[in-house]
Every structure is written in C-alpha cells, then in structure tokens.
Amino acid sequence: MRITGKFKELKQKGQKALITYLTAGDPDLEMTADLVLAAEENGADIIELGIPFSDPLADGPVIQKASLRALNSGTTVSGILNCIKNIRAKTQIPIAVMTYYNPIHRYGLKEFAVHAKEAGVDGLIVPDLPYEEGEELYALAKDEGLETILFVAPTSTTERIKKTAELSTGFIYCVSLTGVTGPRDDLQTGVRELISRIKDCTDKPVALGFGISHPEQARRAAEMADGVIVGSAIVKMIGEKRGEELLKDVGSFVRELKKACC
Amino acid sequence: MKILSEKKGHFGLFGGRYVPETLIPALDELEKAYNEAVKSPDFNIALSYYLKNYSGRPTPLYYAENLTRTLGGAKIFLKREDLNHTGAHKINNTLGQALLAKRMGKKRVIAETGAGQHGVATATVAAMFGLECEIYMGEKDMERQEINVFRMRMLGAKVTPVKTGSRTLKDATNEAIRDWVTNVKDTHYIIGSVVGPHPYPAIVRDFQAVIGREAKRQVLDIEGRLPDYVVACVGGGSNAMGIFYEFIPDKKVRLIGVEAAGKGIETGEHAASINAGSIGVLHGSKSYILQDEDGQIIPAHSISAGLDYPGVGPEHAYLKETGRATYVAVTDKEAVEGFKLLTKTEGIIPALESAHAVAFLERLSKVTTKEQTVILCLSGRGDKDVYTVSKHLNGRFDG
C-alpha cells in the first residue's frame, strides 16, 4: 500500500503530498518515463498517470489535447503497463493510473487489475465510475492489492461522501470545483467547507485537485487538504516544449509546487 | 407514462450511470423530479396541451398506397412524425424535458445535436418557455446542416461549434456533458436520444412513447388488428424506442431497427453499433458501441448526420440481447435510393435518417405478403437533407 504509506510518512514529517498528473504516452512513452523520474527527483510524492481515452468527458481542453497526442503516438493500455514496469526498475514512487471506464472494460476488469498490479501500479482512479457502477472493478482491484481512489465533488451529498470514503483507499480525490479539469486562476469558495464535510466522515487522507495551476494555489490547497493534485498546468508545458528543455522546466515547476506544499 | 422502477436504471446488462461524481446528485434530482411530474395532473395536462396544440399531435398514420404498390409486399403505413412542429419527432421529447426543467427551476437548457433536428427542437421550446439555450454541434455537422444552424440562431439559441475529435455528434455530446458538469446548478441538459446515464434513456423513451401509443390506436382503427412489422431507423434510437415501446408486449409484432451501414460495414466506415459494434461504455451508459481493441471510440460514419453516432441507446441493446427486436443495416447508397423512392411515389421527402428505414422496406417487401402490414416511423422531414442528397447524386436526380 505505497499510497497510504506515503501519506503516513508525509504526515509524520508534517508535509502535504504533491501528486502530479501526466498523460501516459504524451508525447510518447519514453518521455513519460523520463517525466516521471524528473517529477520524483524534484519532489513529487505520488504520480497520477493517465491512460489516454478518445472521449475524456471529465477533462478540459488541455488534457483532451494531451490524450489525443498520446493516442496519435500509438499509445496502448498494454504499452503503458510495460512502461510502468520499466519505470519500476528505477523508482518506488507510488503510481496511480487514471483512466475512463471503457478502456478497462475492454481490456477485461480482472485482467486489468492483475496486469496493473504486476506492472507495479499502486492505485486506480476512474472518473466516470461512481461507486454504484464500480463495485465489481473496485472489489477486483482490492483483491489484487490495488488502492482505489474515488471522487467527492462539491455537489456530493453527505450520504455519498460516506459511501465514497468507505470504498476509497489511498486517498479521497476531492474535486475543488464543479467543472472539468483545467487551470483556473483561483480556488472556488466553498472548498474549505467541502473538505471539512469529508473530514467529518472519514480519517482517510483527502487530496484536492482540478484547477490548481500555480504554487500559490497549491500552498492554499495544502493548508486545507492532505494532498494537492496538479495536472493541466504540467500537461500544458508538455504540449509546448520538447526534450531536455521540457524535463528541466517540468522539474523546476514541480520543485516550486513541492516547496509550496511543505 | 410510468414511474421509473428499473434498479439504478439498468436494462439487463445495459444502461447505468457512468459519469463524473459531480453529476450524480443532478441525475438523482432529475429522476425524482420526473417521478413526481408523471404523477402530477398539472404536468400531464400541460404536456398533452403542448403536444396537441403546439406540435400538432396526433400525427397521422398514413396508408402509403403508391409505395405499397411499387414494392409489392405488405401494406405500408407511415407514422407521420415529419408533420410535427419543427419537422421531426424530436419535439415530443424537448417539450417534455423543457416542462421538467421549468418544474426543477432551471433557467438554462443545453443540448447536443447532430443533424440539427434536436437542436432546433430544443431552441424552439426554449424560445417558447423563455429558457436560456446553448446548443453544441460538431463543426462538420454545422457545415452539413447549415440551415438548421441558422434556424437555431434565429430562435435565440447560442450554437457552439465543437472542434475536437471527429467534429460530429459524439464530440458535441462530450462537450455538452462538460458544460453540464460545470453549470449543473442552474442548467438542465436536454439529451436528445434514448442514450446517456439513467434516467435519461427511460425519460426520453417515455416522452417518445406517444408515437407508438398513437400508432397502435390508429392501426387498430384502420385495420382492426395489430401490424406484423414496426420499422424505424436507429442512431441513438429515440424514434425507434418511441414507436417500439407500446408494441413490446405484443409478441407477434416484429420490431425492426434500421442502422446506418454507411459505406458498407466491411469498410469500417459505418454507424452500425448493434450490428458491428461491441459492448462498452460511452456517454454515461453501457451499450453497444464502436470501439477498437484498446477501448478507444471509433468515429462513426453515415451520410445522415442524425445517425452518425458510435453508440446506441441501452434499451435497444437489451431488446437485441433478448431477441425482442431485430436490427439490420442499410448503406448510404441504399438510403439515398429510399429517399428518392418515397419522394417520387408519395410526394413525401423523408429525412435521410428515416430514408434508411424506407430503404429497408425494399428488402422486407420480398418476404412479406399483401395481407401483412408494416408501420414505418417516418421520424422527420427531409428538407434539411436536400443539399446532401443533391451532392451525393452530383446534382442529378434521375432514374
């Protein structure tokens, strides 16, 4: 349980977790491996690795475009699992894969859980799989020792928060706004209240994501939550730069974000 | 109409709610509002009033004598949904959902559209009920259906071009869902077909079921017995579900859905999700979809923008699995022949969607007798498609 372990370790150090999102295969899988290592080197605590999907309806334009770039470079689910296997030879950083339900359904729920675990995946994040539909996959994932990270949104009722908290392991993914992923200028009001509603229901760690795009926001998010998830802002850089320059820029951005989360 | 009872909105294996958590409470709210509405005399009276006096229901069941003679098989009746206000069955559903939106206190409605018929129907009811309205439409479809874009704008709707992916209905649907996730507090998403997360497939079906209820009464009046076949085109499948639903208990009535085979199923360029797709999850429900080995959605192809969708309503998937309905597929070329056939024999220009069903009659006529009857759901009129057909025929409308 590398993800749960990481939150415990950080708590003892009095730190908050920085979770960085990357779309696997954007621009290609070799670069993805380098980016994971660069993020870790610069202070990322957990990596959220997106398996690209053709119709990412919970994502904004930045991640949509990244998914398309990844698919255009020939990225497949098994290619990504292989890539994670290779990454595992070099690092023990916790990795959660994020993907929409259809690619997993097509792969086969049980096969996916088994192969993901074998590859060295630690957790599973499926934005279009609320618990009503997710029982089967979430149970199979747990059997394999994968952590399952479910979402709480500002619209979630207390009853839903309780049930989500029950099924979540690793952490609870708290969506900071009603909307899709993408950089925003500010955090929505009401986030603090949402987090305290979650905290009333569970002791599990809560990480805040969606819209967090610069260190100052990350700092404010880290004051409220146990972890901060940054995606689109990093992915945007990946769309704009290449090679060593990209690794360097992502690295220094991650370093600033981590500083803000300490 | 009945109160939704399907457990979590599943039809056997199919259906469900595969959407971001943000939307689940909105779907619960919608389900509750709907279940209350169908029990409310006020709601039912208002809906009947608008269906009758605004849209022009009941639509006729027309005996297509010339078409019957030309094809030489069963007696053909056309359920004239093309005679509805705005020219298609889509208005049945948008009137119902707009009334629901008002009951829920929503100030804004959004919709996705392919051929533009659902967009026009949504813009129309929004104008009439005073709701703010935004329509998402693939850029490619906007080119194909320029006149409908203009109509929507005249009606006061904001038409937003969708430039991602295949730039058709599939991507417009993604964009509408993104809008809904963002504006869920004051916005109602008027889904245009029997697709999407529960309770939409059931709600849209119920609002469209008026087609089958009327058709059954009418055919009993005219013929004194039930039809042998009920035929309708299937993209998402709302006109087909609408006419099928009332006949589902009548086991002797054969239900046939006609999908778009595009350039031919063997070419891979088609929209035949049931005939050539596999089980998966798209736009919030589990059904038959077009996907590759890795679970990526394959863009659909059809000459008809309204059928150009890589999925189908979950209840159709269920009817297929249980064998209650049969699904066939008709190519672009055949559909254009169907378009010409109905235009020439009956002086009725059908929507290209419905022309797929008309084209299938040719096949059906070979296995039916003069004593049998067919009801075909003529889902919409073809004014919007005249340009597309003309282009397909290089401007030559002969033979």
Exercise. Rounded to the nearest 0.05, what FRET efficiency do residue A:91 and residue B:107 have when you use their Cβ-Cβ distance and R0 = 35 Å?
Worked result: 0.10
Exercise. In 10 Å bins starting at 0, how do the alpha-carbon pair distances of the protein assembly as shown split up by percent?
Worked result: 3, 16, 26, 24, 16, 10, 4, 1, 0
For this session: Give the Rg/Rh ratio for chain B, taking Rg as the radius of gyration of the Cα atoms and Rh as the Kirkwood radius, to two decimals.
Result: 0.94
For this session: Could you work out how far apart the two model spin labels at residue B:263 and residue B:326 are, taking each label as a point 7 Å from the Cα in the direction of the beta carbon, and quote it in nm?
Result: 2.9 nm
Exercise. Which of the lysines could a cross-linker span from residue B:185 if the Cα-Cα distance has to be under 18 Å and same-chain partners fewer than 8 positions apart are dropped?
Worked result: B:32, B:102, B:106, B:107
For this session: Can you tell me the alpha carbon radius of gyration of chain A divided by the globular rule-of-thumb value 2.2 N^0.38 Å?
Result: 0.91
For this session: Select from B:198, B:177, B:229 the residue farthest towards the positive end of the dipole of segment B:74-231; place +1 on Cβ of Lys and Arg, -1 on Cβ of Asp and Glu, and compute about the Cα centre.
Result: B:198
Exercise. Any idea what Rg and Dmax come out to for segment B:2-70 if you just take the C-alpha atoms, in Å?
Worked result: 18.9, 56
For this session: Pop a pseudo-label 7 angstrom from the Cα along the beta-carbon direction at both residue A:12 and residue B:185 and give the gap in nm to one decimal.
Result: 4.3 nm
Seminar exercise, completed: Its Cα gyration tensor gives segment A:25-145 an equivalent ellipsoid whose semi-axes in whole Å, largest first, are 21, 18, 13
Exercise. So how far, in whole Å, is the C-alpha centre of segment B:116-193 from the one of segment B:51-97?
Worked result: 25 Å
Problem set entry | Set of aspartates and glutamates with alpha-carbon distance to residue A:13 below 19 Å, sequence-local pairs under 8 removed | A:40, A:41, A:45, A:203, A:223, A:226, A:256
Problem set entry | Calculated log₁₀ intensity ratio I(q)/I(0) where the Debye formula runs over C-alpha points of segment B:164-318, q = 0.16, 0.20 Å⁻¹ | -0.89, -1.23
Exercise. Just the Cα atoms of segment A:1-91, one point each, no solvent: what log10 I(q)/I(0) does Debye give at q = 0.11, 0.20, 0.21, 0.22 Å⁻¹?
Worked result: -0.35, -0.96, -1.02, -1.08
Exercise. If you build a Gaussian network model of chain B, linking Cα atoms that sit under 10 Å apart, which residue out of B:278, B:365, B:40 swings the most?
Worked result: B:40
Problem set entry | Neighbour cut-off at most 16 other Cβ (10 Å), DSSP loop, trypsin sites (Lys or Arg not before Pro), segment B:202-252 | B:225, B:251, B:252
Seminar exercise, completed: 1/(1 + (r/R0)^6) with r = Cβ-Cβ of residue B:150 and residue A:167, R0 = 51 Å, i.e. FRET efficiency to nearest 0.05, evaluates to 0.55
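We did not get these values from a lab; they are worked out from the coordinates using the rules stated. Note that the structure is a prediction, hence the values are computed from the model and not measured. We place every Cβ from the backbone using ideal geometry, glycine too, and count neighbours over all the protein chains shown.
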